[in-house]
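Structure record follows, encoded as structure tokens.
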Protein chains: 2
Amino acid sequence: MYPASAAHESGQPQRRNLSNDLASAVAAMIHRESLQPGDQLDSVKVLAARFQVAVPTMREALRRLEAMGGVTLRHGSGVYVGENVRRMVLPNPLYPKPTRGMLVELLEARRQIEPPIAALAATVRDPDGMESMIATLSEAERCVSEADEQLWLVNLNFHRTIAVAGGNTVLAEVIDSIVFIHAEEQLEILRLHGDERRDFEEHRHITELIVAGDVQAARSAMEEHLDNVIQIVRERLSG
Amino acid sequence: MYPASAAHESGQPQRRNLSNDLASAVAAMIHRESLQPGDQLDSVKVLAARFQVAVPTMREALRRLEAMGGVTLRHGSGVYVGENVRRMVLPNPLYPKPTRGMLVELLEARRQIEPPIAALAATVRDPDGMESMIATLSEAERCVSEADEQLWLVNLNFHRTIAVAGGNTVLAEVIDSIVFIHAEEQLEILRLHGDERRDFEEHRHITELIVAGDVQAARSAMEEHLDNVIQIVRERLSG
DNA sequence: ATACATATAGTGATCTAATCACTTTATGTT
DNA sequence: AACATAAAGTGATTAGATCACTATATGTAT
């Protein structure tokens, strides 16, 4: 239960301690038993007994796992496998509100990653993926016409659906992570943009190109869309 | 101390509980006081008293933070700010060994992201960044000529240095995360490659182009390099 | 038989208190 | 000044208790 420290580890190596080893052991158990998100694990007390540790020690381990979204402890109910258990790339949930400079970096990172994703989506043209994009686009259209303030959330999901439609799990997780980190700023970005209809039309244009399988055009349209967003943010945030 | 649940949260929303709120509060304290990685926090006991909770409760919160690399608990010494405290995108440290299919997805994600990074690096030509690349390249050359088995680790770092030289923090974190997830597989990939010298020459070629500021050529060279790697991995892993 | 209310059992959440293990600092000796 | 030892501080883990919430079982009314 004391595996060699991984020298290639990102950040400082974790010192050996029971809670760390237990977190790894519980994660390994989840994977070995092919448990899925939502599946229930044994109770904290039973897990503690199984691994022959005290309950608070197992609790510390589970809190580690919970921080990654690998498990969920539900008060009065039990311990469940979390949605992120098989996720590779995660956003830091405790990252503070991004500075203006970092907001621009986040957008520029998306500027590099999302156009190839749009191209991938136009290449694979996955029916479910395209269906999701179209459904999200309809929801966005409803928000625009009804001046629903939830538009910013829908726009977030729109970018996520494109990433998923690209068919590469890693890229989808990356975009989801980036979008998560500056999610609240999206509301401000939409406000800075000042033209929800134009933003929506750009989203629609991208969707049409992806659905039509026009790979290069989809890529270019996404580039242009994100360039527009970055430009607006740069101008408005430099005042 | 019970902020509204973030509806845009990636994965399932965290239920309110003390340990979760405390983790957030400690993270916010670290950011508010501009503490840096390696800085020491108050002891667990003092933190517990400050936030008026029991020690085990504070410990659970700190384990959450530790899982993200936001703090480090050093036995007998104290609580320190961790290296990931200001990191946005993280690898899941408990992710199991990638399947072959996922390994290919990881490489393909890099295929989309790293060429634009190489182009960025060739654009900004940051002296420190280029110096790191060259130093890592020298180390790789030494490993190749001395048949040092650490070559795979050095190659990992080579890609990281390019990502950092690109000047975009988010992209660097993304690459670091992706590289981390399939780090151990890099050893196998290098073995599958079967030609360390050629791999090294490709790395050197990319470096020269970046240093020379040849943006398009750097991009293309990185594309070609990763295409080669993916092709080899596809062929060898399909048998 | 069905629907609703209440009680019980199970389970997580937090606390108090103790002991052990490690690190850092202080003190003593050469 | 260098080294050794002791003491203090701190994290690590355990044991045990109480409280809060959820799920299940049981009872009552229609």
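Kindly indicate whether residue B:43 is within 14 Å of DNA strand D (Cβ to nearest atom), at pLDDT 95 or above and hydroxyl-bearing (Ser, Thr, Tyr).
When the stated conditions are applied, residue B:43 passes them.
Mind checking which residues of the stretch B:31-71 are touching a strand residue (DSSP E or B) at 6+ places or on another chain (Cβ under 9 Å) and under 21 Å from residue A:69 (Cβ atoms)?
B:59, B:62, B:63, B:65, B:66, B:68, B:69, B:70, B:71
Across the stretch B:158-176, what is the total count of residues that are touching a residue at least 60 places away in the same chain (Cβ under 8 Å) and among the polar types (S, T, N, Q)?
Here the count works out to 1.
For residue A:37, work out the one condition from (1) more than 10 Å from DNA strand C (Cβ to nearest atom); (2) assigned to a helix (DSSP H, G or I); (3) crowded, with 17+ Cβ neighbours inside 10 Å it doesn't fulfil.
Condition not satisfied by residue A:37: (2).
Could you check how many residues of the stretch B:65-85 are on the phi < 0 side of the Ramachandran plot and buried (at least 19 other Cβ atoms within 10 Å of the Cβ)?
Matching residues across the stretch B:65-85 total 13.
If residue B:60 passes every condition in (1) at pLDDT 95 or above; (2) away from DNA strand C (no atom under 16 Å from the Cβ) but one, which one does it miss?
If we test residue B:60 against (1) at pLDDT 95 or above; (2) away from DNA strand C (no atom under 16 Å from the Cβ), just (2) comes out false.
Kindly provide the set of residues from the stretch B:177-211 that are in contact (Cβ under 8 Å) with a residue 60 or more places away in the chain and among the charged types (D, E, K, R), ordered by number.
Passing the criteria: B:184, B:185, B:204.
Restricting to the stretch A:40-56, name every residue that is surrounded by 15 or more Cβ atoms within 10 Å (Cβ to Cβ) and more than 11 Å from DNA strand C (Cβ to nearest atom).
A:51, A:53
With the condition being within 20 Å of the chain's Cα centre (by Cα) and more than 10 Å from every other protein chain (Cβ to nearest Cβ), I'd like the helices (runs of 4 or more DSSP H) fully within the stretch B:41-136 carrying at least 3 qualifying residues.
Hits in the stretch B:41-136: B:100-124.
If you go through the stretch A:17-60, how many residues are polar (S, T, N, Q) and on the phi > 0 side of the Ramachandran plot?
Number of matching residues: 2.
Just give me the residues in the stretch B:138-166 being small (Gly, Ala, Ser), surrounded by 20 or more Cβ atoms within 10 Å (Cβ to Cβ) and part of a helix (DSSP H, G or I), in sequence order.
Once the filter is applied, which keeps residues that are small (Gly, Ala, Ser), surrounded by 20 or more Cβ atoms within 10 Å (Cβ to Cβ) and part of a helix (DSSP H, G or I), the stretch B:138-166 yields B:140, B:163, B:165.
If a residue must be open to solvent by less than 50 Å² (accessible area, probe 1.4 Å) and either in a helix (DSSP H, G or I) or not assigned by TED's automatic domain parsing to the domain that holds residue B:165 (or both), how many such residues does the stretch B:176-210 contain?
Taking the stretch B:176-210 as the starting set, the residues that turn out to be open to solvent by less than 50 Å² (accessible area, probe 1.4 Å) are B:176-183, B:185-186, B:189-190, B:192-193, B:199-200, B:202-203, B:206-207, B:209-210.
Imposing the further condition that a residue be either in a helix (DSSP H, G or I) or not assigned by TED's automatic domain parsing to the domain that holds residue B:165 (or both) reduces the set to B:176-181, B:183, B:185-186, B:189-190, B:192-193, B:199-200, B:202-203, B:206-207, B:209-210.
Residues in the stretch B:176-210 being open to solvent by less than 50 Å² (accessible area, probe 1.4 Å) and either in a helix (DSSP H, G or I) or not assigned by TED's automatic domain parsing to the domain that holds residue B:165 (or both): 21 in total.
The values are calculated or read from the model by the stated rules, or taken from the named source; none is laboratory data. Just so it is clear, the model here is predicted, and its values are computed rather than measured. Note that each Cβ is placed from the backbone with ideal geometry, even for glycine, and that neighbours are counted across all protein chains shown. In case anyone asks, the SASA skips ligands and DNA or RNA and just uses the protein heavy atoms, side chains included. Shrake-Rupley method; radii C 1.70, N 1.55, O 1.52, S 1.80 Å.
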